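Visitor: Right, I'll just put the structure down here and ask away after.
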Amino acid sequence: MKKHQIQGSIVLAVLTLVYCAVVFLVPFQRNNAIFWVSFVFTLLALAAQVYVVRTAFGGDRDAKSRFYGFPIARVGFVYLIAQVVLSVVFMALAENVKLWIPLLAYIVVFGAAVVGLIATDITRDEIERQDTVLKANVSVMRSIQSKASSLPGIAQDEETRKAVAKVSEALRYSDPVSSPAISEIESDLASCVDELQKAVVDGDKASALALAEKAGNILIERNRQCKLNK
């Protein structure tokens, strides 16, 4: 068992022990249904924290996914605190309260917690999906930017160095997010930068300058299409 799982189990066991100590050491009236209904619902809330923690942080999720799991854990924690407080209050007022009142309160709190857990879990899944899509959408431009950024360092003359540095700088500040509407022009840009890279490596100054200008023009058109498609 992993270290954090052991620690979580210990914390849960301690919380359960503390709760039991409170409700059995404090002189509540225990010969009534309200006490035992309150006690059972709170034990269920404590047990539910195992599921909550596993949903929030368990499995083979990465660090970012576990970070997104904190809202799920918060819902579970708020539910537990609300249940504990309500149970103690109703135990103290057991002689003056009808059974249906605490029973209804516990069911409502439980229902709200279930809805909250489902909603936050769905939200996390959607955020993770959007992160995955965004990574895929920026991969093309990041690859082009990476190639272009290396060109000034390998240029063999000052004029070529300035030309490719201008392209690299323009790419650096260009919108990195791709879309199907601009995939064709990005393919042209990628091919042009590949040709530019070859020309720079080969020391072909004339071709390098012409390709640098071409890449700049393609990038201008891409930027224009990006704005039109937003």
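The values are calculated or read from the model by the stated rules, or taken from the named source; none is laboratory data. Bear in mind the structure is a predicted one, so any value in this text is a computation, not a measurement. Here the Cβ positions follow ideal geometry from the backbone for every residue, glycine too, while neighbour counts run over all protein chains shown.
Visitor: In this structure, is residue 193 touching a residue at least 12 places away in the same chain (Cβ under 8 Å) and either buried (at least 19 other Cβ atoms within 10 Å of the Cβ) or not assigned by TED's automatic domain parsing to the domain that holds residue 159 (or both)? Walk me through it before giving the result.
Guide: Working: touching a residue at least 12 places away in the same chain (Cβ under 8 Å): yes; either buried (at least 19 other Cβ atoms within 10 Å of the Cβ) or not assigned by TED's automatic domain parsing to the domain that holds residue 159 (or both): yes.
Against the criterion (touching a residue at least 12 places away in the same chain (Cβ under 8 Å) and either buried (at least 19 other Cβ atoms within 10 Å of the Cβ) or not assigned by TED's automatic domain parsing to the domain that holds residue 159 (or both)), residue 193 qualifies.
Yes/no per residue for (1) among the acidic types (Asp, Glu); (2) touching a residue at least 40 places away in the same chain (Cβ under 8 Å):
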{"site": "140", "(1), (2)": "no, yes"}
{"site": "151", "(1), (2)": "no, yes"}
{"site": "180", "(1), (2)": "no, no"}
{"site": "197", "(1), (2)": "no, yes"}
{"site": "221", "(1), (2)": "yes, no"}
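Visitor: A further question on this structure: From 188, 194, which residue is assigned to a helix (DSSP H, G or I) and under 19 Å from residue 226 (Cα atoms)? Write out each step before concluding.
Guide: Numbers: 194 fails: under 19 Å from residue 226 (Cα atoms).
Only one candidate passes the filter, namely 188.
Visitor: In segment 153-178, what count of residues is obtained for those that are in contact (Cβ under 8 Å) with a residue 24 or more places away in the chain and either in a helix (DSSP H, G or I) or of a type in the set (S, T, N, Q) (or both)?
Guide: Step one: list which residues in segment 153-178 are in contact (Cβ under 8 Å) with a residue 24 or more places away in the chain, which gives 154-157, 159-160, 163-164, 166-167, 170-172, 174-178.
From what is left, the residues that are either in a helix (DSSP H, G or I) or of a type in the set (S, T, N, Q) (or both) are 154, 156, 159-160, 163-164, 166-167, 170-172, 174, 178.
Qualifying residue count, segment 153-178: 13.
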